[in-house]
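Rule-based calculations on the coordinates, nothing more; no lab input. None of these values were measured; they are calculated from a predicted model. In this analysis, Cβ positions are derived from the backbone assuming ideal geometry, glycine residues included, and neighbour counts consider all displayed protein chains.
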Amino acid sequence: MPTLHMVNKSPFERNALQSCLAHALDGDGVLLFEDGVYGAIKGSSVSGDVEGKGGVKIYVLGADLGARGIESGRLIEGITVVDYPGFVDLVTSHDRSQSWL
Amino acid sequence: MAYEVNGTTVEHDEEGYLTDINEWNEAIALEIAKGQDLEMNEERWEVVNFLRNYYDEYQVAPAIRVLTKALAKTMGPEKGNNKYLYELFPYGPAKQACMIAGLPKPTGCI
Amino acid sequence: MSEAKKFLYVNRRAPYGTIYALESLEVVLIGAAFDQDVSLAFIDDGVFQIAKGQDTKSLGVKNFSPTYRALGDYGVTKLYVEKESLAERGLTEDDLMPIIYEDENDNFAEKPSLIFVDRAEMAKMMSEQDIVLSF
């Protein structure tokens, strides 16, 4: 019964990503979009939290990365970039969606 | 928009609910009831006072099913039912009784 | 009627700085009319919503904290509170309002609505919902 967690806040401004990761279960997915994509950058003060959730798959919305000038080479290892149809696929392939505002 | 009672004016919204609950008094209640073509007898006062007490305790006007349940518990099933309340307040206890009690329209009331 | 769905309202914001807490409470009250299986979760700053002793007189805004005590009348009787979120904020269970409901199926016995769970239990409870609404 996997959940898709959705995070749209910068982890450097709010604790939405940290709280999300603390409540995500193995098999769940986390989609980072809007300012949430800043949580996907490697070498930050929160990237360790993201890398530490081995059983949770992390996705990031490509359009929001591009808008913010974040190239894919700067992303944490193992993160999957998705487009808008991919976003929709994620929503439909999980049992529920949960937003972390 | 305002009610005129004993020379004072009390603001209300476009539906007739008081703008400021703290301005309520019994004279205003009688004035609102008059506008609804309702005479304030003992039974109607009982419901209005119950609503005011509920709001004072919980800061919310109860939904109709919450009101009937609470009335049934404190005053018995003969008063805690829809038929009794609609006989007292034909256009809906939530609408009319809350308005007379000076409370906001109940949350979720359509 | 179709089977009741499990609805969870997740509260993560403190009460007066933003409109989230009040909006959540109003949606819960309205949604209660639909007779679903409703739970509330209080995590992160959301635990401040049910802190005791709230007094907004000087602020000039409505103190809606008493309304949480009316939730039982609306059939909303499961308020999950995360222990870690309390501890992180220097709070204990005694810093929260007592919230109870009357169990109609048990001669109106008064029972506590607050259910204190740790983070792992909270995560599991969230994963068992049909619909999760976040505020």
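Could you grab me the full set of residues in the range A:1-38 that are free of Cβ contacts under 8 Å to residues at least 12 places away in the same chain and either under 13 Å from A:Leu61 (Cα atoms) or of a type in the set (A, V, I, L, M, F, W, C) (or both)? Result: A:Ala22, single match.
Among the residues in the range A:72-91, are any touching a residue at least 60 places away in the same chain (Cβ under 8 Å) and not charged (D, E, K, R)? Yes, some residue in the range A:72-91 is touching a residue at least 60 places away in the same chain (Cβ under 8 Å) and not charged (D, E, K, R). If the condition is being farther than 14 Å from C:Phe64 by Cα and facing chain B (nearest Cβ under 9 Å), then the range C:11-32 contributes C:Ile30, C:Gly31, C:Ala32.
For the range B:2-110, which fully contained helices (runs of 4 or more DSSP H) count at least 2 residues that are touching a residue at least 60 places away in the same chain (Cβ under 8 Å)?
Working: elements: B:26-35, B:42-58, B:64-75, B:82-88.
By residue number, B:26-35.
Residues in the range C:59-88 that are more than 9 Å from chain B (Cβ to nearest Cβ), surrounded by fewer than 20 Cβ atoms within 10 Å (Cβ to Cβ) and among the charged types (D, E, K, R): C:Lys78, C:Lys83, C:Glu84, C:Glu88.
Which one of these is within 14 Å of the chain's Cα centre (by Cα) and among the small types (Gly, Ala, Ser): C:Ser127, C:Ser134, C:Ser58? That would be C:Ser134, the only listed residue that is within 14 Å of the chain's Cα centre (by Cα) and among the small types (Gly, Ala, Ser). The criterion of at least 3 residues that are not aliphatic (A, V, I, L, M) is met by the following strands (runs of 3 or more DSSP E) wholly inside the range C:83-134: C:100-103, C:109-112. Looking only at residues of the range A:1-43 that are in contact with a Pro (Cβ under 8 Å, 6 or more places away or on another chain) and more than 14 Å from every other protein chain (Cβ to nearest Cβ), we find that the one that is surrounded by the most Cβ atoms within 10 Å (Cβ to Cβ) is A:Gly39.
Quick one: which residue in C:Ala21, C:Ala32, C:Ala14, C:Ala51 is aliphatic (A, V, I, L, M), buried (at least 22 other Cβ atoms within 10 Å of the Cβ) and closer than 19 Å to C:Ile99 by Cβ? Lay out the reasoning, then the answer.
Working: C:Ala32 fails: buried (at least 22 other Cβ atoms within 10 Å of the Cβ); C:Ala14 fails: buried (at least 22 other Cβ atoms within 10 Å of the Cβ); C:Ala51 fails: buried (at least 22 other Cβ atoms within 10 Å of the Cβ).
Just a single option satisfies the conditions, and that option is C:Ala21.
Scan the range B:64-110 for residues that are at the interface with chain C (Cβ under 10 Å from one of its Cβ atoms), crowded, with 21+ Cβ neighbours inside 10 Å and out of contact with any helix residue (DSSP H, G or I) (no Cβ under 6 Å at 6 or more places or on another chain) and jot them down. Matches in the range B:64-110: B:Leu67 only. Checked against the criterion of being touching a strand residue (DSSP E or B) at 6+ places or on another chain (Cβ under 8 Å), without any contact (Cβ under 8 Å) to a residue 40 or more places away in the chain, β-branched (Val, Ile, Thr) and over 24 Å from A:Ala16 (Cα atoms), the range C:72-93 has at least one qualifying residue. Restricting the range C:89-114 to residues that are within 22 Å of B:Ala70 (Cα to Cα) and hydroxyl-bearing (Ser, Thr, Tyr) leaves a set whose member that is surrounded by the most Cβ atoms within 10 Å (Cβ to Cβ) is C:Tyr101.
Select from the range C:39-58 the residues that are assigned to a loop (DSSP other than H, G, I, E, B) and of a type outside the set (Lys, Arg) and write down the one among them that is farthest from the other protein chains (Cβ to nearest Cβ). My answer is C:Gly53. Of all residues in the range C:102-124, those satisfying the criterion of being within 14 Å of the chain's Cα centre (by Cα) and within 12 Å of another protein chain (Cβ to nearest Cβ) are C:Val117, C:Met122. Within the range B:31-51, not a single residue is within 13 Å of chain C (Cβ to nearest Cβ), crowded, with 18+ Cβ neighbours inside 10 Å and of a type in the set (Gly, Ala, Ser). Taking the range A:56-91 as the range and being closer than 30 Å to C:Phe42 by Cβ, among the β-branched types (Val, Ile, Thr) and away from chain C (no Cβ under 14 Å) as the test, the residues that pass are A:Ile58, A:Val60. When C:Lys83, C:Lys5, C:Lys52 are screened for being farther than 27 Å from C:Phe108 by Cα and over 12 Å from the mean Cα position of the chain (by Cα), only C:Lys83 passes.
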